[in-house]
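Q: Here's a structure for you.
The values are calculated or read from the model by the stated rules, or taken from the named source; none is laboratory data. Just so it is clear, the model here is predicted, and its values are computed rather than measured. Methodologically, a virtual Cβ is constructed for each residue, glycine included, from the backbone with ideal geometry; neighbour enumeration extends over all protein chains shown. Note: areas computed on protein heavy atoms with side chains; ligands, DNA, RNA excluded. Shrake-Rupley method; radii C 1.70, N 1.55, O 1.52, S 1.80 Å.
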Amino acid sequence: MANLIQRLFRPQIERAILNQFNRAFYGTIGTHATSYDPNSKDVYLEQGFLRNPMVYSVVKQRTEKARQIPFYVKKIKDETAKKQFDSFTKAVKWNPRPEQYVRQISLKKKAFDEEYLDFPLERPNPLQTWGDIIGLYETNMSYNGNFYLYMLKGEFKPEPLAVYVLPSHMIEIVLKKDASLLGTENPIDYYMLIQGDKFVKFNVEEVIHIKYPNPEYDMNGAHLYGLSPLRSALRNIQSSNLGLDLNVDTMLNGGAFGFIHGKNANPLTNDQADSIKDRLKEMRASKDVLGKISGASGELGFTQIRLSAKEMELFSYFSFDQKQICNVLGWDDKLLNNDDGAKYDNVASAEQRVVVNTTMPSLQLFDEAMSDQFLPLFKTYQNTILEHDPSDLPEMQQDMKSLMEWLGMAIDKGVYNRDESRVYLKAPALGTPEMEAYTVQQDVIPLSEAIEENFGLNDTQAI
(Lines give C-alpha, C1' and ligand atoms only; values in the text may rest on other atoms or scores of the structure.)
Protein backbone atom coordinates (compact mmCIF):
# COMPACT_ATOMS: atom_id res chain seq x y z
CA MET A 1 0.00 0.00 0.00
CA ALA A 2 2.84 2.38 0.84
CA ASN A 3 4.45 1.78 -2.57
CA LEU A 4 1.12 2.40 -4.30
CA ILE A 5 0.63 5.71 -2.48
CA GLN A 6 4.17 6.77 -3.39
CA ARG A 7 3.56 6.00 -7.05
CA LEU A 8 0.24 7.84 -7.12
CA PHE A 9 1.52 10.93 -5.36
CA ARG A 10 5.14 10.87 -6.54
CA PRO A 11 5.05 14.30 -8.26
CA GLN A 12 3.50 15.91 -5.16
CA ILE A 13 6.03 14.17 -2.89
CA GLU A 14 8.95 15.29 -5.06
CA ARG A 15 7.72 18.90 -5.06
CA ALA A 16 7.24 18.81 -1.29
CA ILE A 17 10.81 17.54 -0.83
CA LEU A 18 12.10 20.21 -3.20
CA ASN A 19 10.20 22.96 -1.35
CA GLN A 20 11.64 21.71 1.92
CA PHE A 21 15.13 21.81 0.40
CA ASN A 22 14.54 25.32 -0.89
CA ARG A 23 13.50 26.56 2.55
CA ALA A 24 16.49 24.94 4.23
CA PHE A 25 19.20 25.63 1.64
CA TYR A 26 18.28 28.98 0.16
CA GLY A 27 17.16 30.33 3.52
CA THR A 28 20.64 29.63 4.88
CA ILE A 29 22.47 31.56 2.17
CA GLY A 30 19.98 34.43 2.07
CA THR A 31 18.59 33.91 -1.44
CA HIS A 32 15.50 32.16 -2.70
CA ALA A 33 14.53 30.01 -5.68
CA THR A 34 11.72 30.80 -8.03
CA SER A 35 9.32 28.15 -9.30
CA TYR A 36 6.81 28.10 -12.11
CA ASP A 37 4.54 25.59 -13.87
CA PRO A 38 5.16 22.21 -12.19
CA ASN A 39 3.81 20.42 -15.29
CA SER A 40 7.05 21.05 -17.17
CA LYS A 41 8.58 17.60 -16.68
CA ASP A 42 5.69 15.26 -15.86
CA VAL A 43 3.22 16.58 -18.44
CA TYR A 44 4.88 18.60 -21.23
CA LEU A 45 7.96 16.38 -21.54
CA GLU A 46 6.96 12.88 -20.41
CA GLN A 47 3.23 12.80 -21.22
CA GLY A 48 3.51 15.20 -24.14
CA PHE A 49 6.71 15.03 -26.18
CA LEU A 50 7.85 11.55 -25.07
CA ARG A 51 4.44 9.84 -25.08
CA ASN A 52 2.01 11.70 -27.33
CA PRO A 53 2.66 11.05 -31.06
CA MET A 54 0.91 14.27 -32.07
CA VAL A 55 3.15 16.46 -29.92
CA TYR A 56 6.25 14.51 -30.88
CA SER A 57 5.48 14.77 -34.60
CA VAL A 58 5.00 18.54 -34.53
CA VAL A 59 8.07 19.19 -32.36
CA LYS A 60 10.14 16.84 -34.50
CA GLN A 61 9.15 18.67 -37.68
CA ARG A 62 9.84 22.04 -36.05
CA THR A 63 13.26 20.79 -35.00
CA GLU A 64 14.20 19.38 -38.40
CA LYS A 65 13.08 22.55 -40.18
CA ALA A 66 15.13 24.73 -37.83
CA ARG A 67 18.21 22.58 -38.50
CA GLN A 68 17.82 23.02 -42.26
CA ILE A 69 18.17 26.80 -42.17
CA PRO A 70 21.81 27.93 -42.60
CA PHE A 71 23.26 30.59 -40.31
CA TYR A 72 26.10 33.07 -40.79
CA VAL A 73 28.27 35.42 -38.76
CA LYS A 74 28.32 38.85 -40.38
CA LYS A 75 30.38 41.93 -39.69
CA ILE A 76 28.30 45.07 -39.30
CA LYS A 77 29.40 47.79 -41.75
CA ASP A 78 26.71 50.42 -41.15
CA GLU A 79 24.66 50.36 -37.95
CA THR A 80 21.91 52.59 -39.37
CA ALA A 81 21.54 50.42 -42.48
CA LYS A 82 21.46 47.34 -40.24
CA LYS A 83 18.54 48.74 -38.25
CA GLN A 84 16.74 49.55 -41.50
CA PHE A 85 17.44 46.05 -42.80
CA ASP A 86 16.16 44.43 -39.58
CA SER A 87 12.98 46.50 -39.59
CA PHE A 88 12.34 45.89 -43.25
CA THR A 89 12.98 42.13 -42.97
CA LYS A 90 10.61 41.81 -40.03
CA ALA A 91 7.96 43.69 -42.01
CA VAL A 92 8.19 41.45 -45.10
CA LYS A 93 8.79 38.30 -42.96
CA TRP A 94 11.51 36.87 -45.24
CA ASN A 95 8.84 36.51 -47.93
CA PRO A 96 9.08 39.72 -49.96
CA ARG A 97 7.58 40.58 -53.33
CA PRO A 98 10.11 41.17 -56.17
CA GLU A 99 10.39 44.91 -55.57
CA GLN A 100 10.68 44.32 -51.80
CA TYR A 101 13.31 41.66 -52.38
CA VAL A 102 15.49 44.11 -54.30
CA ARG A 103 15.12 46.65 -51.50
CA GLN A 104 16.07 43.99 -48.93
CA ILE A 105 19.22 43.01 -50.85
CA SER A 106 20.23 46.64 -51.21
CA LEU A 107 19.92 47.30 -47.46
CA LYS A 108 21.80 44.09 -46.70
CA LYS A 109 24.74 45.15 -48.89
CA LYS A 110 24.92 48.51 -47.11
CA ALA A 111 24.59 47.05 -43.62
CA PHE A 112 27.06 44.13 -43.67
CA ASP A 113 30.38 43.15 -45.18
CA GLU A 114 29.98 40.82 -48.12
CA GLU A 115 32.26 38.13 -46.68
CA TYR A 116 30.94 35.99 -43.84
CA LEU A 117 33.07 35.04 -40.83
CA ASP A 118 33.65 31.51 -39.62
CA PHE A 119 31.77 30.61 -36.46
CA PRO A 120 34.11 31.08 -33.46
CA LEU A 121 33.72 27.47 -32.26
CA GLU A 122 33.82 24.80 -34.97
CA ARG A 123 32.00 22.42 -32.60
CA PRO A 124 30.09 23.44 -29.48
CA ASN A 125 31.49 20.45 -27.54
CA PRO A 126 33.14 17.09 -28.31
CA LEU A 127 29.79 15.24 -28.37
CA GLN A 128 27.57 17.54 -30.43
CA THR A 129 27.43 19.72 -33.54
CA TRP A 130 25.85 23.15 -33.87
CA GLY A 131 22.99 21.41 -35.67
CA ASP A 132 22.40 19.39 -32.49
CA ILE A 133 22.37 22.59 -30.44
CA ILE A 134 19.83 24.19 -32.78
CA GLY A 135 17.71 21.03 -32.63
CA LEU A 136 17.75 20.97 -28.83
CA TYR A 137 16.98 24.68 -28.76
CA GLU A 138 13.85 24.22 -30.87
CA THR A 139 12.79 21.12 -28.91
CA ASN A 140 13.16 22.81 -25.52
CA MET A 141 11.39 25.95 -26.66
CA SER A 142 8.53 23.92 -28.15
CA TYR A 143 7.66 21.83 -25.11
CA ASN A 144 9.03 24.00 -22.29
CA GLY A 145 9.33 27.59 -23.48
CA ASN A 146 12.87 27.89 -22.02
CA PHE A 147 16.39 27.23 -23.27
CA TYR A 148 19.55 27.32 -21.15
CA LEU A 149 22.98 27.25 -22.80
CA TYR A 150 25.96 26.77 -20.47
CA MET A 151 29.27 28.32 -21.60
CA LEU A 152 32.37 26.54 -20.30
CA LYS A 153 35.12 29.16 -19.94
CA GLY A 154 38.81 29.07 -19.17
CA GLU A 155 40.11 30.13 -15.79
CA PHE A 156 41.48 33.49 -16.93
CA LYS A 157 39.88 33.96 -20.37
CA PRO A 158 36.33 35.15 -21.05
CA GLU A 159 36.17 33.27 -24.34
CA PRO A 160 34.02 30.09 -24.11
CA LEU A 161 35.84 26.82 -24.68
CA ALA A 162 32.64 24.84 -25.23
CA VAL A 163 28.88 25.15 -24.78
CA TYR A 164 26.34 22.64 -23.46
CA VAL A 165 22.53 22.63 -23.41
CA LEU A 166 21.09 22.31 -19.89
CA PRO A 167 17.81 20.39 -19.38
CA SER A 168 15.28 23.20 -19.13
CA HIS A 169 12.80 21.19 -17.02
CA MET A 170 15.44 20.73 -14.31
CA ILE A 171 16.60 24.36 -13.95
CA GLU A 172 15.64 26.60 -11.03
CA ILE A 173 16.33 30.34 -11.12
CA VAL A 174 17.75 31.67 -7.86
CA LEU A 175 17.34 35.36 -7.02
CA LYS A 176 19.77 37.61 -5.18
CA LYS A 177 19.10 38.53 -1.58
CA ASP A 178 16.59 41.38 -1.41
CA ALA A 179 16.54 41.50 -5.22
CA SER A 180 14.30 44.08 -6.85
CA LEU A 181 12.31 42.75 -9.80
CA LEU A 182 11.58 46.30 -10.94
CA GLY A 183 15.09 47.75 -10.66
CA THR A 184 17.94 48.28 -13.12
CA GLU A 185 20.09 45.42 -11.77
CA ASN A 186 19.75 41.82 -12.89
CA PRO A 187 17.86 40.12 -10.01
CA ILE A 188 19.16 36.62 -10.88
CA ASP A 189 21.97 35.35 -8.69
CA TYR A 190 22.59 31.99 -10.37
CA TYR A 191 20.92 28.98 -11.95
CA MET A 192 20.54 25.62 -10.18
CA LEU A 193 20.33 22.27 -11.95
CA ILE A 194 18.35 19.89 -9.74
CA GLN A 195 18.24 16.17 -10.49
CA GLY A 196 17.11 13.96 -7.63
CA ASP A 197 19.42 14.71 -4.71
CA LYS A 198 22.11 16.33 -6.89
CA PHE A 199 22.40 20.12 -7.19
CA VAL A 200 24.73 21.93 -9.59
CA LYS A 201 25.21 25.70 -9.49
CA PHE A 202 25.84 27.81 -12.64
CA ASN A 203 26.83 31.46 -12.39
CA VAL A 204 24.55 33.88 -14.21
CA GLU A 205 27.32 35.02 -16.59
CA GLU A 206 27.89 31.39 -17.65
CA VAL A 207 24.34 30.79 -18.88
CA ILE A 208 22.43 32.16 -21.86
CA HIS A 209 18.73 31.95 -21.03
CA ILE A 210 16.27 32.29 -23.93
CA LYS A 211 12.56 32.19 -23.21
CA TYR A 212 9.13 32.90 -24.63
CA PRO A 213 7.30 35.88 -23.09
CA ASN A 214 5.36 35.03 -19.94
CA PRO A 215 2.54 37.34 -18.83
CA GLU A 216 2.05 35.60 -15.45
CA TYR A 217 3.92 38.06 -13.25
CA ASP A 218 4.55 37.67 -9.54
CA MET A 219 7.00 39.16 -7.05
CA ASN A 220 8.70 35.77 -6.57
CA GLY A 221 10.02 35.89 -10.13
CA ALA A 222 7.77 33.31 -11.81
CA HIS A 223 7.73 35.53 -14.91
CA LEU A 224 11.48 34.97 -15.29
CA TYR A 225 10.62 31.59 -16.80
CA GLY A 226 9.25 31.28 -20.33
CA LEU A 227 5.66 30.22 -20.96
CA SER A 228 5.36 26.72 -22.41
CA PRO A 229 3.33 26.65 -25.67
CA LEU A 230 1.85 23.33 -24.53
CA ARG A 231 0.31 24.79 -21.39
CA SER A 232 -2.89 25.88 -23.13
CA ALA A 233 -3.08 22.51 -24.94
CA LEU A 234 -2.83 20.51 -21.71
CA ARG A 235 -6.37 19.12 -21.98
CA ASN A 236 -5.83 18.16 -25.61
CA ILE A 237 -2.71 16.23 -24.63
CA GLN A 238 -4.58 14.45 -21.86
CA SER A 239 -7.58 13.81 -24.13
CA SER A 240 -5.52 12.26 -26.92
CA ASN A 241 -3.49 10.18 -24.44
CA LEU A 242 -6.69 8.82 -22.86
CA GLY A 243 -8.09 8.06 -26.30
CA LEU A 244 -4.96 6.12 -27.24
CA ASP A 245 -5.05 4.22 -23.95
CA LEU A 246 -8.71 3.33 -24.47
CA ASN A 247 -8.01 2.18 -28.01
CA VAL A 248 -5.17 -0.08 -26.78
CA ASP A 249 -7.34 -1.47 -23.96
CA THR A 250 -10.12 -2.27 -26.42
CA MET A 251 -7.71 -4.03 -28.77
CA LEU A 252 -6.15 -6.03 -25.93
CA ASN A 253 -9.57 -7.17 -24.77
CA GLY A 254 -10.65 -8.19 -28.25
CA GLY A 255 -13.49 -5.69 -28.47
CA ALA A 256 -15.92 -3.85 -26.24
CA PHE A 257 -16.18 -4.63 -22.54
CA GLY A 258 -19.27 -6.52 -21.35
CA PHE A 259 -20.79 -9.67 -19.75
CA ILE A 260 -21.64 -13.07 -21.21
CA HIS A 261 -24.71 -14.44 -19.47
CA GLY A 262 -27.46 -17.03 -19.77
CA LYS A 263 -30.74 -16.11 -21.40
CA ASN A 264 -34.38 -16.89 -20.65
CA ALA A 265 -34.04 -16.74 -16.86
CA ASN A 266 -31.30 -19.39 -16.87
CA PRO A 267 -28.33 -17.70 -15.20
CA LEU A 268 -24.87 -19.22 -15.49
CA THR A 269 -23.37 -20.89 -12.47
CA ASN A 270 -19.89 -19.92 -11.33
CA ASP A 271 -18.47 -23.13 -12.78
CA GLN A 272 -20.16 -22.50 -16.12
CA ALA A 273 -18.92 -18.89 -16.21
CA ASP A 274 -15.35 -19.97 -15.39
CA SER A 275 -15.54 -22.69 -18.02
CA ILE A 276 -16.66 -20.22 -20.71
CA LYS A 277 -13.92 -17.78 -19.71
CA ASP A 278 -11.25 -20.49 -19.89
CA ARG A 279 -12.54 -21.60 -23.30
CA LEU A 280 -12.41 -18.01 -24.61
CA LYS A 281 -8.77 -17.75 -23.47
CA GLU A 282 -7.95 -21.00 -25.28
CA MET A 283 -9.66 -19.80 -28.45
CA ARG A 284 -7.76 -16.51 -28.37
CA ALA A 285 -4.41 -18.25 -27.86
CA SER A 286 -5.01 -20.92 -30.53
CA LYS A 287 -3.36 -20.44 -33.93
CA ASP A 288 -5.52 -23.12 -35.51
CA VAL A 289 -8.43 -21.83 -37.59
CA LEU A 290 -10.78 -24.42 -36.12
CA GLY A 291 -9.56 -23.45 -32.67
CA LYS A 292 -11.68 -20.29 -32.97
CA ILE A 293 -14.88 -22.39 -33.07
CA SER A 294 -16.60 -23.49 -29.90
CA GLY A 295 -20.05 -24.53 -28.70
CA ALA A 296 -22.34 -24.12 -25.72
CA SER A 297 -25.17 -26.30 -24.42
CA GLY A 298 -27.39 -23.33 -23.53
CA GLU A 299 -28.49 -20.03 -25.04
CA LEU A 300 -26.10 -17.22 -24.20
CA GLY A 301 -26.40 -13.43 -24.28
CA PHE A 302 -23.92 -10.52 -24.20
CA THR A 303 -24.46 -7.16 -22.52
CA GLN A 304 -21.99 -4.41 -23.49
CA ILE A 305 -20.99 -2.06 -20.68
CA ARG A 306 -18.60 0.24 -22.52
CA LEU A 307 -18.71 1.80 -25.96
CA SER A 308 -16.27 0.53 -28.55
CA ALA A 309 -13.61 2.76 -30.10
CA LYS A 310 -15.68 3.02 -33.29
CA GLU A 311 -18.83 3.99 -31.42
CA MET A 312 -16.96 6.68 -29.50
CA GLU A 313 -15.56 8.10 -32.78
CA LEU A 314 -12.12 8.44 -31.25
CA PHE A 315 -10.45 9.37 -34.50
CA SER A 316 -12.63 12.45 -34.92
CA TYR A 317 -11.54 13.55 -31.44
CA PHE A 318 -7.93 12.77 -32.34
CA SER A 319 -8.26 15.06 -35.37
CA PHE A 320 -9.60 17.89 -33.19
CA ASP A 321 -6.82 17.44 -30.61
CA GLN A 322 -4.22 17.34 -33.37
CA LYS A 323 -5.41 20.65 -34.80
CA GLN A 324 -5.30 22.32 -31.39
CA ILE A 325 -1.80 21.02 -30.67
CA CYS A 326 -0.67 22.22 -34.11
CA ASN A 327 -2.21 25.63 -33.44
CA VAL A 328 -0.41 26.22 -30.13
CA LEU A 329 2.90 25.03 -31.60
CA GLY A 330 2.51 27.22 -34.68
CA TRP A 331 2.42 24.34 -37.15
CA ASP A 332 0.12 23.25 -39.98
CA ASP A 333 -1.62 19.89 -39.71
CA LYS A 334 -1.39 19.49 -43.51
CA LEU A 335 2.29 18.67 -42.96
CA LEU A 336 1.49 15.72 -40.67
CA ASN A 337 0.63 13.18 -43.37
CA ASN A 338 -2.94 14.47 -43.23
CA ASP A 339 -4.97 13.35 -46.25
CA ASP A 340 -7.89 15.61 -45.37
CA GLY A 341 -7.49 18.56 -47.74
CA ALA A 342 -3.71 18.17 -48.10
CA LYS A 343 -2.90 18.86 -51.77
CA TYR A 344 0.36 19.76 -53.48
CA ASP A 345 -0.38 23.49 -53.72
CA ASN A 346 -1.61 24.04 -50.17
CA VAL A 347 1.15 21.81 -48.73
CA ALA A 348 3.76 23.97 -50.49
CA SER A 349 2.17 27.15 -49.11
CA ALA A 350 1.93 25.53 -45.66
CA GLU A 351 5.66 24.75 -45.72
CA GLN A 352 6.43 28.39 -46.50
CA ARG A 353 3.95 29.67 -43.92
CA VAL A 354 5.43 27.72 -40.98
CA VAL A 355 8.94 28.93 -41.86
CA VAL A 356 7.79 32.56 -41.99
CA ASN A 357 5.46 32.54 -38.97
CA THR A 358 7.05 29.98 -36.63
CA THR A 359 10.58 28.82 -37.43
CA MET A 360 12.16 32.18 -38.20
CA PRO A 361 10.63 34.09 -35.23
CA SER A 362 11.91 31.33 -32.94
CA LEU A 363 15.40 31.33 -34.50
CA GLN A 364 15.57 35.11 -34.33
CA LEU A 365 15.36 34.84 -30.52
CA PHE A 366 18.36 32.49 -30.68
CA ASP A 367 20.27 34.80 -33.04
CA GLU A 368 19.67 37.87 -30.89
CA ALA A 369 20.81 36.10 -27.71
CA MET A 370 23.96 34.72 -29.35
CA SER A 371 24.76 38.08 -30.93
CA ASP A 372 24.40 39.88 -27.59
CA GLN A 373 25.88 37.36 -25.14
CA PHE A 374 28.09 34.90 -27.04
CA LEU A 375 29.89 36.50 -30.00
CA PRO A 376 31.12 39.61 -28.08
CA LEU A 377 33.12 37.30 -25.76
CA PHE A 378 35.56 36.65 -28.63
CA LYS A 379 38.06 39.43 -29.38
CA THR A 380 37.85 39.17 -33.16
CA TYR A 381 34.05 39.05 -33.19
CA GLN A 382 33.22 42.50 -31.92
CA ASN A 383 30.44 44.28 -33.84
CA THR A 384 29.21 41.06 -35.43
CA ILE A 385 25.85 39.30 -35.46
CA LEU A 386 24.56 35.78 -36.00
CA GLU A 387 21.76 35.42 -38.53
CA HIS A 388 19.75 32.50 -39.90
CA ASP A 389 18.83 33.02 -43.56
CA PRO A 390 16.00 30.84 -44.95
CA SER A 391 16.10 32.33 -48.45
CA ASP A 392 17.93 29.27 -49.86
CA LEU A 393 15.21 26.84 -48.77
CA PRO A 394 13.19 25.48 -51.73
CA GLU A 395 9.90 26.71 -50.27
CA MET A 396 11.33 30.21 -49.79
CA GLN A 397 12.74 30.72 -53.27
CA GLN A 398 11.61 33.82 -55.07
CA ASP A 399 9.29 33.38 -58.03
CA MET A 400 12.07 33.74 -60.59
CA LYS A 401 9.66 34.44 -63.44
CA SER A 402 8.07 37.36 -61.58
CA LEU A 403 11.46 38.65 -60.41
CA MET A 404 12.94 38.50 -63.94
CA GLU A 405 9.93 40.34 -65.38
CA TRP A 406 10.16 43.04 -62.70
CA LEU A 407 13.92 43.47 -63.15
CA GLY A 408 13.48 43.57 -66.92
CA MET A 409 11.10 46.50 -66.61
CA ALA A 410 13.48 48.23 -64.17
CA ILE A 411 16.35 47.85 -66.66
CA ASP A 412 14.21 49.13 -69.52
CA LYS A 413 13.31 52.20 -67.46
CA GLY A 414 16.96 52.90 -66.63
CA VAL A 415 16.37 52.28 -62.89
CA TYR A 416 18.95 49.45 -62.59
CA ASN A 417 21.83 48.33 -64.75
CA ARG A 418 22.50 44.73 -65.73
CA ASP A 419 25.18 44.13 -63.13
CA GLU A 420 22.85 45.27 -60.33
CA SER A 421 20.20 42.93 -61.66
CA ARG A 422 22.67 40.04 -61.64
CA VAL A 423 23.40 40.71 -57.98
CA TYR A 424 19.70 40.65 -57.14
CA LEU A 425 19.49 37.29 -58.94
CA LYS A 426 22.39 36.05 -56.76
CA ALA A 427 24.80 35.98 -59.69
CA PRO A 428 28.22 37.69 -59.59
CA ALA A 429 28.59 41.11 -61.18
CA LEU A 430 30.78 41.12 -64.30
CA GLY A 431 32.13 44.65 -63.83
CA THR A 432 32.36 45.51 -67.53
CA PRO A 433 31.36 48.99 -68.78
CA GLU A 434 28.53 47.48 -70.82
CA MET A 435 27.04 45.69 -67.79
CA GLU A 436 27.40 48.77 -65.56
CA ALA A 437 25.78 51.13 -68.09
CA TYR A 438 22.19 52.29 -67.58
CA THR A 439 20.01 51.67 -70.63
CA VAL A 440 16.40 52.25 -71.71
CA GLN A 441 13.91 50.10 -73.60
CA GLN A 442 14.08 52.17 -76.80
CA ASP A 443 17.40 50.53 -77.64
CA VAL A 444 20.27 49.00 -75.79
CA ILE A 445 22.17 52.25 -75.61
CA PRO A 446 23.44 54.36 -72.70
CA LEU A 447 20.84 56.59 -71.07
CA SER A 448 22.84 59.74 -71.96
CA GLU A 449 22.73 58.87 -75.69
CA ALA A 450 18.98 58.25 -75.49
CA ILE A 451 18.47 61.69 -73.96
CA GLU A 452 20.68 63.33 -76.60
CA GLU A 453 18.82 61.57 -79.43
CA ASN A 454 15.38 62.55 -78.12
CA PHE A 455 16.09 66.12 -77.11
CA GLY A 456 19.04 67.08 -79.33
CA LEU A 457 21.41 67.56 -76.36
CA ASN A 458 25.04 66.67 -76.29
CA ASP A 459 26.60 64.72 -73.43
CA THR A 460 27.66 67.84 -71.54
CA GLN A 461 24.28 69.47 -71.84
CA ALA A 462 22.50 66.22 -70.88
CA ILE A 463 24.51 65.98 -67.73
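Q: Keeping the other protein chains in place, figure out the carbon and sulfur percent of the accessible area of the range 369-421, with a 1.4 Å probe.
A: Carbon-and-sulfur percentage of accessible area, whole number: 54.
Q: From zero outward in steps of 10 Å, how is the percent of C-alpha pairs of the range 62-185 spread across the bins?
A: Once binned at 10 Å, the Cα pair distances of the range 62-185 give 11, 24, 32, 27, 6, 0.
Q: Ok, one more. Sorted by average packing, counted as other Cβ atoms within 10 angstrom per residue and highest first, what order do 102-114, 49-61 take?
A: Listed from highest to lowest mean packing, they are 49-61, 102-114.
Q: With just the Cα atoms defining each centre, how far is the range 138-187 from the range 41-115? Give it in Å.
A: Rounded to whole Å, the Cα centres lie 23 Å apart.
Q: Then there's this: Please compute the modelled spin-label separation between Val204 and Ser402, points set 7 Å along Cα→Cβ, answer in nm with one decimal.
A: 4.8 nm
Q: Compute the FRET efficiency between Ala348 and Lys109 as 1/(1 + (r/R0)^6), taking r as their Cβ-Cβ distance and R0 = 35 Å, and round to the nearest 0.05.
A: Efficiency at R0 = 35 Å is approximately 0.75.
Q: For the range 410-437 and the range 346-379, what is the centre-to-centre distance using only Cα atoms, to the nearest Å?
A: 31 Å
Q: May I pose another question? What accessible area per residue, rounded to a whole number of Å², is obtained for the range 65-211 using a probe radius of 1.4 Å?
A: Here the residues of the range 65-211 average 52 Å² of exposed surface.
Q: Of the peptides 227-240, 88-101, how do they stack up when ordered by the mean number of other Cβ atoms within 10 Å, highest first?
A: 227-240, 88-101
Q: Further, regarding this structure: Net charge near Phe147: determine it from the other residues with C-beta under 12 Å of the C-beta of Phe147, scoring Lys and Arg +1 and Asp and Glu -1.
A: With Lys, Arg at +1 and Asp, Glu at -1, the net is 0.
Q: Sticking with this structure for a sec: Evaluate the range 111-250: find the radius of gyration of its Cα atoms, find its Kirkwood radius, and give the ratio Rg to Rh.
A: Result for the range 111-250 is an Rg/Rh of 1.06.
Q: A follow-up question, please. What's the carbon and sulfur percent of the range 64-211's accessible surface, probe 1.4 angstrom, rounded to a whole number?
A: 49 percent
Q: Just tell me which aspartates and glutamates come within less than 17 Å, Cα to Cα, of Lys177; anything on the same chain fewer than 8 places away is out.
A: Here the aspartates and glutamates satisfying the reach criterion relative to Lys177 are Glu185, Asp189, Asp218.
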